[in-house]
Structure formats: C-alpha cells, structure tokens
Amino acid sequence: MSSLQAPRGTFDVLPPDGRRRLRLIKLAEQILGRAGYEYFAAPVFEDTELFARGVGEATDIVQKEMFTFEDKAGRSLTLRPEATAGVCRAYVEHGMHKLAQPVKLWCWGPFFRHEAPQAGRYRQFTQLDVEALGSDDPSVDAELILLLAEFLERAGVAGTRLRISSLGTAESRREYADELRAYLREHEDELSSDVRERLDANPLRAFDSDHEGTRVVMRTAPVLIERLDPDDAAHFEEVKSLLDDAGLGYEVDHTLVRGLDYYTRTVFEFESERLGAQRGVGGGGRYDRLVEELGGPATPANGWAAGIERILLATGEPAADDSRPVYVAIAKPEAEREAFRIARELRAGGLRTEMEQAGRSIKGQFKHADRIRARATVIVGDGIEVKDMDSGEQRPAGDAAEVLRLVGE
Ligand code: AMP
C-alpha cells in the first residue's frame, strides 16, 4: 500500500515553524492594531464570479491558477487566490460605507493558486493581508507602505528593496498603452518574437524582457509615470514625500506592473535579496474602482499582502525558544494523579509545564527532562522534590504552592 502524502505544492506546518508563525501573527496584531486596523476574516471560498469580476478575466490568476469546483447544487465556487476581492465583497455586503471611513482591516490565512511549485511558490500559501477602504488620501498609501516595511523589519527579513510606481487611472493607462503600442510598432524589427506576439494584449510586458534588442528599444520608450493626469501625479508626489519624511528608502520603477488588473495610482513591492527567483515578500497598491465594480458605492481603497512562507524563508533559522518548561516527573505509579494535579496548578500559576506521559523509568524521565531543556524537574513520589536542572540542587516542597514559589521567576 503506498503511503499518503500532502498534495503537491502544499505542506504541513510542524512545531518549530508553527511557533514562528504565531510570533508573526502577534507582531501583525501589534503593529497594525496601533495604526487602527481591526482583525477580519472572510470565507476561504467564494463564488467564482467574484474573482472573475474582481481580479480580472484576463489575468493569469483567473485564466490559469484558480482551484474551482462545483458544489452539489452546481454553483461554481473557487478557493480564494487573493484577499482583496473578498474584502470588497464584504464591504459592500455589510454596508461598511456607512461606518466611519476609512475602514481599516487586516486578515491572515490560506490562499490557493494552481502554480508550478518551487522554493517559495506553493499551491496553498499564507498571506497577511491589510486593507484600508474609503479614503483616497495619499497618507493612507504611505501609511500602508510604512506598516509593511515595519512588519518586514521586525520580522527579521534582511536585504529588502522597495519599488514603487503609479499606474494612474484606467483611462490614462489605456491612452498610454496605445502610445506605447504605436512606439513598439515603429521598432518591431528590433523586438524579440514573444514581445511582438504580446504587443496587442500587453505591451507593458516589453519592459520585463531580457532580449538585448528589446532592451535597447525600451530605453527610449514612453513611460507611464510621465503620462499621469495632474491629480494622479500630485498624489504620487505626496506619497513619495511622506516616505521621504519617514526616512524609508525606495526606488521608483516605472516597469512595476503587478499581476492583478484592479490597481490604480500607487503600486509597490518589497523583495528580499535573501530569496531566489521568488523574491517578492509583499506588495500591493490602490484599487479605487474595485468596490464600485463589485456593485458598491464609489470607494477609493488601498491594501497589501505579504507572503508568510517567503518571510519565514528570508528570516533564516528560528531563534532558540528561551522559555524553558518545568517538567513534572512521576517517581511511583500511585503518584500519577498528584503529578497531574500539580502540573495543572503550575500551569494555572502561569508556568509552562510538561509532565511525564509516556511510562518512562525515572532515569528515562530525567533524560527526557534534559532533552526538552527543562529548567526544573518536580519529582512527585512519596513527597515532592524540586530539582534545579542547571545547578543540580534538589529541595523538598510541601505542596504545589511551594513548588510555584521555588520555580516561579
Ligand atoms: P500577490 O497577491 O500576487 O501580490 O502576492 C502577494 C504576496 O504573496 C507575494 O509577495 C508573495 O510573498 C506571496 N505569494 C504569492 N503567490 C504565492 C505562492 N504561490 N506561494 C507562496 N507565496 C506567494
């Protein structure tokens, strides 16, 4: 019989990794809570139509990467590939435009994309997602970028690089794409064949090409951020100036094109040079039209998502856990209940406590205490003794309260 394994592109979270994840959740809660963001959760699956309309029919995500299935009534459902569409759906469904604006939310959980698995790219992965809906103020853009920078720094992600750009509005982008297409047509002979093939559908992709001839052509190509409407350009200037004031370094990269259709104005991405090909640790931007496109009132909005697995890869080995447990050993079988009761009382007193639960000999129990790096062992037999595992000193204790006094910090 062949043994069962987790599906391709998925993984189990085992204990040391689990602890690191919990630490990141606490860090997120602290950093985001202080800035007024509230925890939020949406379902892991939604109607397929939400992503088709919200993420964009023409995107790679919708065309190739969704895990879509039918329920028993024949409705098409999809495991969420990203968070923003679901957040906007909830904003409209619950009439959140009636609340004080902006509505600031964060969530954490699994996301699903049918991609070719490799290091840092999975079919089920975890995102921390942060959204602010209901304000077009550039300070919200800058605040979100600074919050992600702080989260990455305090999580211990080294060597980050921040790229930012502005995509303007859908209209200015369309006019610009026409201009770029016309420019590329004038230079068609010098372009690589795949850029030529995608010239109609996505001329912006030409900026990503490694082909030497194409790169030469792109050096003098028209640039979107020089074609922004005055309002969009002023908005971008203000975002940059707030980042400058905060002392956060960034590069303006006019080739930054994110893989989702809904972005307007500010877009940004953080990479870590510690990672290989999949080096994007988090990114996002403004999506001023999305809530309206999903049937809500006109609502400017803004957000980002950070990939937790990539953050864990970029932060290297976990620091050793410094909270060492107290271990309750059982010196004779009749003492088992007493040991169980003492362990409960030590836990109630706030101590991390483990007890013997594997039928080991007393010698085996001391070996186990060393293995789990216990700082003290409470030996329950005819009486109670407390052994300090570092000094080796052993003292009697009358009851659990005295044990607590002896081993409590
Ligand atoms: P995106 O929604 O594509 O902007 O992704 C936001 C972040 O999620 C990225 O910067 C990555 O860190 C992470 N991410 C996206 N796709 C995957 C994946 N397939 N596996 C692991 N992490 C991912």
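The values are calculated or read from the model by the stated rules, or taken from the named source; none is laboratory data. Predicted model, so just to flag it, every value in this text is computed and none were measured. Cβ coordinates were reconstructed from backbone atoms using ideal geometry, including for glycine residues, and neighbour counts include every protein chain displayed. These accessible areas exclude ligands, DNA and RNA; they are computed on the full protein's heavy atoms, side chains included. Shrake-Rupley method; radii C 1.70, N 1.55, O 1.52, S 1.80 Å.
Summed over the stretch 156-185, residues that are crowded, with 17+ Cβ neighbours inside 10 Å, under 30 Å from Arg198 (Cβ atoms), in contact (Cβ under 8 Å) with a residue 40 or more places away in the chain and hydrophobic (A, V, I, L, M, F, W, C) total 4.
So that you can scan it fast, the table gives a plain yes or no per residue for (1) surrounded by 19 or more Cβ atoms within 10 Å (Cβ to Cβ); (2) within 16 Å of the ligand (Cβ to nearest atom):
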position: Pro230; (1), (2): no, no
position: Ala233; (1), (2): no, no
position: Ser241; (1), (2): no, no
position: Leu248; (1), (2): no, no
position: Thr264; (1), (2): yes, yes
position: Phe268; (1), (2): yes, yes
position: Arg274; (1), (2): no, yes
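Is it true that Arg274 is more than 30 Å from Val407 (Cα to Cα), of a type in the set (Lys, Arg) and in a helix (DSSP H, G or I)? No, not satisfied. Whether any residue in the stretch 131-143 is within 16 Å of the ligand (Cβ to nearest atom) and part of a strand (DSSP E or B) is what I want to check. Yes; the residues of the stretch 131-143 include at least one that is within 16 Å of the ligand (Cβ to nearest atom) and part of a strand (DSSP E or B).
Exactly one residue among Glu115, Glu153 is among the charged types (D, E, K, R), in the same structural domain as Asp288 (by TED's automatic domain parsing) and in contact (Cβ under 8 Å) with a residue 60 or more places away in the chain, and that residue is Glu115. If you go through the stretch 1-19 and keep only what is open to solvent by less than 100 Å² (accessible area, probe 1.4 Å) and within 16 Å of the ligand (Cβ to nearest atom), you end up with Ala6, Pro7, Gly9, Thr10, Phe11, Val13, Asp17. Answer with yes or no whether Leu148 is within 12 Å of the ligand (Cβ to nearest atom) and part of a helix (DSSP H, G or I). Yes, satisfied.
Note on the stretch 277-305: residues that are of a type in the set (A, V, I, L, M, F, W, C), away from the ligand (no atom under 16 Å from the Cβ) and assigned to a loop (DSSP other than H, G, I, E, B) amount to 2. The number of residues in the stretch 289-307 being open to solvent by 30 Å² or more (accessible area, probe 1.4 Å) and within 22 Å of Leu144 (Cα to Cα) comes to 4. Being more than 16 Å from the ligand (Cβ to nearest atom) and more than 24 Å from the chain's Cα centre (by Cα) holds for only one residue in Ala58, Ala90, Ala73, and it is Ala73. In the set Gly280, Gly303, only one residue is in contact (Cβ under 8 Å) with a residue 60 or more places away in the chain and in contact with an Asp or Glu (Cβ under 7 Å, 6 or more places away or on another chain); that residue is Gly303.
Every residue in the stretch 382-395 that is farther than 15 Å from Ile330 by Cα, over 43 Å from the mean Cα position of the chain (by Cα) and of a type outside the set (S, T, N, Q), please. Residues satisfying the conditions are Gly392, Glu393, Arg395. Residues of the stretch 8-54 that are farther than 26 Å from Thr315 by Cβ, in contact (Cβ under 8 Å) with a residue 60 or more places away in the chain and either over 18 Å from the mean Cα position of the chain (by Cα) or outside the structural domain of Leu133 (by TED's automatic domain parsing) (or both): Gly36, Leu50, Arg53, Gly54.
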